[in-house]
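Here is the structure we will look at.
The values are calculated or read from the model by the stated rules, or taken from the named source; none is laboratory data. Keep in mind that what you see is a predicted model, and the values were worked out from it rather than measured. Backbone-built Cβ (ideal geometry, glycine too); neighbour counts: all protein chains shown. Note: accessible area is taken over every heavy atom of the protein model, side chains too, but ligands, DNA and RNA are not part of it. Shrake-Rupley method; radii C 1.70, N 1.55, O 1.52, S 1.80 Å.
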Amino acid sequence: MSTSAYNAFHSAQKQFDQAAEFLELDQATRDLLRTPMREFHFSIPIRMDNGEMKIFKGFRVQHNDARGPSKGGIRFHPLETIDLVRALAMWVTWKTAVVDIPLGGSKGGIVCDPHNLSLFEQEQLCRGWVRQIVKNVGPHLDVPAPDIMSNAQHMLWMLDEYEVLMGIKAPGFITGKPISMGGSLGRKEATGYGVIITLREALKELNIDADKTRACIQGFGNVGQHAFELYNQIGGMVIGVASWSQQDACSYTYCKKEGIDYQELKSITDRFGGIDKEKALALNYTVLPGEDWIAQEADILIPAAIENQIGTENVDRIHPNIKIIAEGANGPTTPEAADILDAKGLFTIPDFLASSGGVTCSYFEQVQSNMNYYWTKDEVLSKLDVKMTSAYVAVSDFALKYKIPMRQAAYLIAVDRVAQASKDRGWV
Ligand code: NAD
């Protein structure tokens with residue numbers, strides 16, 4: 001990630017400043033919330049497989065923990081920068097606040113590329129990260145989770161190191177563990193299902209029958225697949241799905257006007273969410289260029305692939321029939337395109353509300369691990385429904401009350417909750 005042109009932290013601060021202005025926050029609250037409360041920078045010495053010592057750079061940024069222990073992923077990336085980690089930590093604070101779970105926001109990282117490290121070196125790195133930060137993280141302080149290029153095995157090594165150093169068992173120290181070692185059932189489904197729970201509520205609000213709607217989804221990975229599945233269950237019909245083709249290094253949109261069968265599409269999809277174009281053609285899908293996903297005649301668009309997919313260059317291609325955009329991906333709409341959607345009055349469920357099912361379920365994992373008692377998948381998913389529904393209702397009520405778009409309402413609710421918690425604690 002280059003810091004030259006786009007600086008994520010400056011952009012996060014700008015967003016915050018706008019919210020602070022609207023909420024008329026006092027200067028001390030602004031000063032507190034526009035920068036992280038704590039930052040740790042450290043070196044992690046690792047003996048590599050060839051016997052050489054190598055020093056890796058590690059970070060942990062705790063943006064705010066007024067509402068509860070902070071929570072946030074650990075990123076493994078060769079181009080990691082402290083400003084990106086700061087921005088991401090701030091965004092977690094807002095995300096946990098909007099869905100109203102009693103957590104703050106943090107983020108961590110190690111500047112490394114796991115592709116170039118043996119499993120043993122990765123294990124040393126995970127254990128080394130914990131050794132450097134052990135006194136400043138913990139189940140009641142700051143709870144890490146997987147993020148870009150880190151996975152369940154990395155979390156388990158980190159948990160093991162933490163427990164050895166502390167001389168206790170503390171499964172709630174970290175989330176994203178394998179199911180057999182304290183991970184939560186339902187985590188796989190949580191983000192995609194969360195998108196559809198918020199969509200279901202939006203349909204109710206707009207008096208639209210779910211079973212008369214059609215949707216086009218960009219992305220058929222973890223989020224896209226589970227969104228498709230639950231959307232079908234509430235009666236909706238998916239008529240288009242876009243995915244990336246590794247083979248052709250481009251994306252395609254796969255359409256069936258009469259509706260796509262979920263199991264059929266899954267049967268021709270690889271584990272990375274890539275759909276096999278030849279098999280799709282044999283099954284009578286219409287195969288269009290990837291960018292055409294946005295122009296399909298449907299009622300709902302679900303961007304669930306990557307960031308920056310709805311921009312000023314294609315926002316006008318959105319079909320006039322589209323009534324709702326439910327943002328499953330992180331940052332799928334550029335700020336400029338979001339302004340255009342708002343000006344058109346196109347109802348958008350913003351990413352940090354619609355895609356917050358994942359962090360909500362991570363919180364459930366934390367709760368279960370702290371109790372050392374585990375819920376069934378049905379229990380987890382019904383709790384997810386309750387949380388996502390009430391988060392949706394709070395944002396929608398706020399948007400209606402102040403006559404503002406859902407995205408702005410979500411942001412204002414989140415900032416207001418964190419500002420209030422900081423004030424109640426006597427920090428500002
Ligand atoms: P994934 O890697 O499992 O799936 C990504 C899908 O997008 C694949 O089907 C891929 O083919 C497709 N894709 C990639 N580039 C594309 C392009 N240019 N055009 C069309 N399709 C493309 O990822 P995921 O876990 O499903 O995450 C999707 C998005 O949701 C990301 O923005 C992620 O940050 C966000 N998100 C994920 C979670 C989670 O729990 N997995 C939680 C919150 C937000």
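Couple of notes before you dig in:
- Within the range 209-233, tally of residues that are in a helix (DSSP H, G or I) and either within 15 Å of the ligand (Cβ to nearest atom) or under 21 Å from VAL287 (Cα atoms) (or both): 10
- Matching residues in the range 310-359 - criterion: being within 20 Å of ALA190 (Cα to Cα) and assigned to a helix (DSSP H, G or I): ASP351, PHE352, LEU353, ALA354, GLY357, GLY358, VAL359
Per-residue answers, yes or no, for (1) surrounded by fewer than 19 Cβ atoms within 10 Å (Cβ to Cβ); (2) acidic (Asp, Glu); (3) closer than 28 Å to SER382 by Cβ:
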{"position": "LEU117", "(1), (2), (3)": "no, no, no"}
{"position": "GLN124", "(1), (2), (3)": "no, no, no"}
{"position": "SER150", "(1), (2), (3)": "no, no, no"}
{"position": "HIS154", "(1), (2), (3)": "no, no, no"}
{"position": "GLY176", "(1), (2), (3)": "no, no, yes"}
{"position": "GLU201", "(1), (2), (3)": "no, yes, yes"}
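- Subset of the range 234-284 (residues that are on the phi < 0 side of the Ramachandran plot, within 15 Å of the ligand (Cβ to nearest atom) and in a loop (DSSP other than H, G, I, E, B)): GLN246, GLN247, ASP248, ILE260, ILE268, ASP270, ARG271, PHE272, GLY274, ASP276
- Residues located in the range 321-338, provided they are more than 12 Å from the ligand (Cβ to nearest atom) and open to solvent by 50 Å² or more (accessible area, probe 1.4 Å): ASN321, LYS323, PRO335, GLU336
- Meets criteria (assigned by TED's automatic domain parsing to the domain that holds ASN50, in a helix (DSSP H, G or I) and at pLDDT 95 or above) for CYS112: no
- When the range 285-309 is filtered for residues that are on the phi < 0 side of the Ramachandran plot, within 11 Å of the ligand (Cβ to nearest atom) and in a loop (DSSP other than H, G, I, E, B), the ones remaining, listed by number, are ALA304, ALA305, ILE306, GLU307, GLN309.
- Among the criteria (1) away from the ligand (no atom under 15 Å from the Cβ); (2) surrounded by fewer than 12 Cβ atoms within 10 Å (Cβ to Cβ), the one LEU341 does not fulfil is (2).
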